[in-house]
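In what follows, a single structure is set out as structure tokens and then discussed.
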Amino acid sequence: MTSPFGKARIAVAFLFLVLAVNFMAAQTLNHPQGVSPDGKGGAVENAAPTGQSVTTGNGINYNGGPVMKANPVPIYIIWYGNWNGTGSNKAATRTAIEHYVGTLGNTAPMLIDSTYGDTTGNVSGNVSFGGSTIVSSSTNLSDRSLKSTVGNAISSGALPNDPNGLYFVLTSSNINETSGFCTKYCGFHTHATLSGSDIKYSFVGNSDRCPSGCEIQSTGPNSAATGQGGIDGMANVMFHEASEAISDPDLNAWFDSSGQENGDKCNFNFGATSTCTSGTACTTAGIAAGAKFNQSFGGNDYMLQQMWKNAGGGACVQHL
Ligand SMILES: [Zn+2]
């Protein structure tokens, strides 16, 4: 592990940990990092725009790696745990999240990602719902078993082997991810070689496990009942992770000098919001709670964090 490549891999793992910690630590505000970019520092400092697709100078750096340029990027979901349970751990939540993913492509928030590119092209801003599978289990996940869960879904044929896609493992609220769900992060993304492909995957837990840490409001615009904010909490974290995974799939493309990816730079920063009232697409519970939302598409209202725009000097925005 003394080769430059080996060190880079260690640094990436370190970067990942930092990002994961930031997600929770910066929940209401982006806390400044005391993190030195060891190992990846040279790449950060020496990165240069090497193609017309790479636009820099907007508060986030290009570090040389690829972005995901598929149009659309298929999103696959592994429903892990007990998704025929109580609260928001229900089939209705699965349906709602799959509808959300299926309508997210080319929306105003998703198109912000199209400001990121590599030397051969830009992110499309389009995503699609590629399919799902259910893994019923009462066993908590670790980073290792998370990886094997994704690997098994692919090797078994439950989901396709797609290096151009993004796999989400969504856990019911009785399931913990022992590397720090609810204490250090609400979700994270990473990648690994599985079945011979570079597979990009993300963990997002049902935020109803820790609403105070992972939800901006405990009853959201899509809540089926008061206090069931899991749909909206997960939708927000999924937007964060999808935007990051597509612009930084191998953890070597787009992040700033503090190691913050585009989602981290606007973490839990929602911008201007509207209030659920009768006449909006919000649920009865969302209206009763006066839930907030800031995006509307696919027949629903959502509360999604803003995303860093790699243009015009850079900023957290709701749309380009
Ligand atoms: Zn992040």
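The values are calculated or read from the model by the stated rules, or taken from the named source; none is laboratory data. Note that the coordinates shown come from a computational prediction; the quantities given were computed from them, not determined experimentally. Note that each Cβ is placed from the backbone with ideal geometry, even for glycine, and that neighbours are counted across all protein chains shown. Each accessible area value is taken on the protein alone, full model and side chains, heavy atoms only, with ligands, DNA and RNA left out. Shrake-Rupley method; radii C 1.70, N 1.55, O 1.52, S 1.80 Å.
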Practice task
Could you quote the convex hull projected area for the range 64-317, Cα atoms only and averaged over all directions, in nm²?
Solution key: 12.6
Exercise for the section: Could you please state, rounded to a whole Å, how far the C-alpha centre of the range 88-119 is from the C-alpha centre of the range 246-320? Expected result: 11
Handout entry: Distant-in-sequence amide H partners of VAL127 (H built 1.01 Å from N, under 5 Å)
Key = VAL73, GLY105, ASN106
Practice task
Specify whether the C-alpha gyration tensor of the range 61-138 places it in the rounded, prolate or oblate class, a ≥ b ≥ c being the square roots of the eigenvalues: rounded for a/c under 1.5, otherwise prolate if a/b is larger than b/c and oblate if not.
Solution key: prolate
Handout entry: Pairwise label distance in nanometres, ALA281 with THR119, each label 7 Å out on the Cα-Cβ vector
Key = 4.1
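Accessible area per residue for the range 121-276 in Å², computed with a 1.4 Å probe and the full protein assembly in place, what is it?
Working: 4670 Å² over 156 residues.
That works out to 30 Å² per residue.
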Exercise for the section: Would you kindly derive the ³J(HN,Hα) couplings of the range 218-223 from the backbone phi angles with the Karplus curve 6.51 cos²θ - 1.76 cosθ + 1.60 (θ = phi - 60°), listing them in order in whole Hz, with x for Gly and Pro? Expected result: 6, 10, x, x, 10, 5
Exercise for the section: Express in nm, to one decimal, how much length is gained between THR193 and THR139 on full extension, taking 0.36 nm for each residue of separation and deducting their alpha carbon distance. Expected result: 17.1 nm
